[in-house]
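Participant: This structure is in structure tokens; I'll ask about it shortly.
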Amino acid sequence: MTKDKQTLSHDANESRVDIDDSHVEAIYANMCRVSCTPEEVILDLALNPNPVGTPPATIRISQRVILNHYTAKRLAALLAAAIQRHEQSFGVLETDVRKRVIPSK
């Protein structure tokens, strides 16, 4: 995260919004659970300490992000674009862990 302020503007006619991320707390998550209500999309983020083998009986949710469906759709588009740029630079991301693991000899 940077201490610089970022400015967001979607259109020249819109007002500018300054973003201050100097006090943000970063977390790492390798697991996400998504649930929905008619009004909201709920993202639960967690760390699975054993992502390759058998997961523990309980995985503790560390953060919950609640979005309206409009913001969730914008987030989905931004994430898809970020993944597409990454794959263009570094190759396709295989999401099935079993296909990524190299068997031991």
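The values are calculated or read from the model by the stated rules, or taken from the named source; none is laboratory data. What you are looking at is a predicted structure, and each value in this text was computed from that prediction instead of being measured. Using ideal geometry, Cβ is built from the backbone for each residue, glycine included, and neighbour counts are taken over all protein chains shown.
Participant: Do we have GLU87 as touching a Lys or Arg at 6+ places or on another chain (Cβ under 7 Å) and surrounded by fewer than 12 Cβ atoms within 10 Å (Cβ to Cβ) here?
Facilitator: No: the conditions fail for GLU87.
Participant: In the range 28-68, what residues are touching a strand residue (DSSP E or B) at 6+ places or on another chain (Cβ under 6 Å), more than 22 Å from VAL97 (Cα to Cα) and of a type in the set (A, V, I, L, M, F, W, C)?
Facilitator: Within the range 28-68, VAL41, ILE42, VAL65, ILE66, LEU67 qualify.
Participant: Next question, about the same structure. Check off (1) modelled with pLDDT of 95 or more; (2) of a type in the set (S, T, N, Q); (3) closer than 22 Å to ILE42 by Cα for THR95 and give me the number that stays unchecked.
Facilitator: (1)
Participant: Does any residue of the range 63-85 turn out to be modelled with pLDDT under 85, on the phi < 0 side of the Ramachandran plot and of a type in the set (A, V, I, L, M, F, W, C)?
Facilitator: no
Each row is one residue, and each column tells you yes or no for (1) basic (Lys, Arg); (2) loosely packed, with under 10 Cβ neighbours inside 10 Å; (3) in contact with a Ser or Thr (Cβ under 9 Å, 6 or more places away or on another chain); (4) at pLDDT below 90.
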| site | (1), (2), (3), (4) |
| --- | --- |
| ARG16 | yes, yes, yes, yes |
| ASP20 | no, no, no, no |
| HIS23 | no, yes, no, no |
| ALA29 | no, no, yes, no |
| THR37 | no, yes, no, no |
| GLU40 | no, no, no, no |
| LEU43 | no, no, yes, no |
| LEU47 | no, no, yes, no |
